[in-house]
1. For the chain, just say rounded, prolate or oblate: build the C-alpha gyration tensor, square-root its eigenvalues into a ≥ b ≥ c, call rounded for a/c under 1.5, and beyond that prolate if a/b exceeds b/c, oblate if not.
2. Between Lys155 and Asp45, what's the calculated FRET efficiency when r is the beta-carbon distance and R0 is 22 Å? Round to 0.05.
3. Please list the non-local residues whose amide H lies under 5 Å from the amide H of Cys112, H modeled 1.01 Å from N, same-chain partners needing a gap of 5 or more.
4. Pop the C-beta distance of Glu35 and Glu86 into the FRET formula with R0 = 30 Å and round what comes out to the nearest 0.05.
5. Evaluate the relative contact order of region 125-168 (contact order divided by residue number), counting alpha-carbon pairs under 8 angstrom at least 6 apart; express in whole percent.
6. Along the Cα-to-Cβ line of Val108, 7 Å from the Cα, sits a label point; which residues in region 138-168 have backbone N less than 20 Å from it?
7. Run through the DSSP bridge list for the chain and note the antiparallel percent, rounded to the nearest 5.
8. Got the relative contact order for region 9-142 handy, in percent, Cα pairs under 8 Å and 6 or more residues apart?
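Every number in this text was worked out from the coordinates using simple rules, so none of it is lab data. For clarity, every value in this text was computed on a predicted model and none was experimentally measured. Cβ: placed from backbone, ideal geometry, glycine included. Neighbour counts: every protein chain shown.
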Amino acid sequence: MHIFFIHYGETTKNTENRHGVTDDHLTPREREQSEVLAEKLKDKDIEAIFSSTLIRPKETAEILSKKINCPVILKQHLKEKVQFPEAEPSEAFRMRIQSVLREIILDVRYDCVAAVIQEGAMRVLFRDVLKKGEIAGNIADCGFVEIEKTSEGLKIRSMEGITLANGD
């Protein structure tokens with residue numbers, strides 16, 4: 001099984017230099033970048049795209065879905081850490097994200113899927129699921145990692161727009 005974990009595109013929050021978790025739309029620039037990513041992934045035989053229910057990842061997933069011609073499956077628990085009005089404890093967030101990422105990884109219905117996730121979830125993926133350590137700096141808009149699930153475990157096949165702090 002191959003899994004593409006994709007960071008959603010640029011948001012209006014990014015371009016307006018606002019901080020915190022918001023449910024903004026993609027910018028026109030990032031819609032274009034999502035189209036470019038869809039073109040890169042169109043021949044990868046992706047059968048389904050998982051996404052959180054938040055606007056940014058959902059819009060990115062929908063752009064990919066149209067080009068790739070596969071369904072988008074919404075996963076409520078893929079959402080970024082809740083900050084307000086009551087902050088979700090970090091450990092609860094980490095456990096929730098690990099659980100839903102493993103659910104996607106262990107889904108036997110598909111040979112190849114994609115999941116559009118937010119930065120916090122991508123960090124949990126690398127640190128806690130793949131055991132590759134911390135991501136250095138920010139993840140690029142539409143940055144992604146391709147993972148292959150084998151009998152020996154999970155192997156990173158390719159990465160774009162993601163740099164690990166340990167240099168791997």
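1. Verdict is rounded for the chain.
2. On the way: r = 18 Å, r/R0 = 0.81.
That pair, Lys155 with Asp45, gives E of 0.80.
3. For Cys112, whose amide H was placed from the backbone, the distant partners under 5 Å are His2, Glu47.
4. On the way: r = 37 Å, r/R0 = 1.24.
The value I calculate is 0.20.
5. It comes to 40 percent, rounded to a whole number.
6. Hits in region 138-168 for Val108 at 20 Å: 148-155.
7. Working: 14 of 27 bridges.
Bridges in the chain that DSSP calls antiparallel: roughly 50 percent.
8. Numbers: 186 pairs, mean separation 35.0, N = 134.
Dividing the mean separation by the residue count of region 9-142 yields 26 percent.
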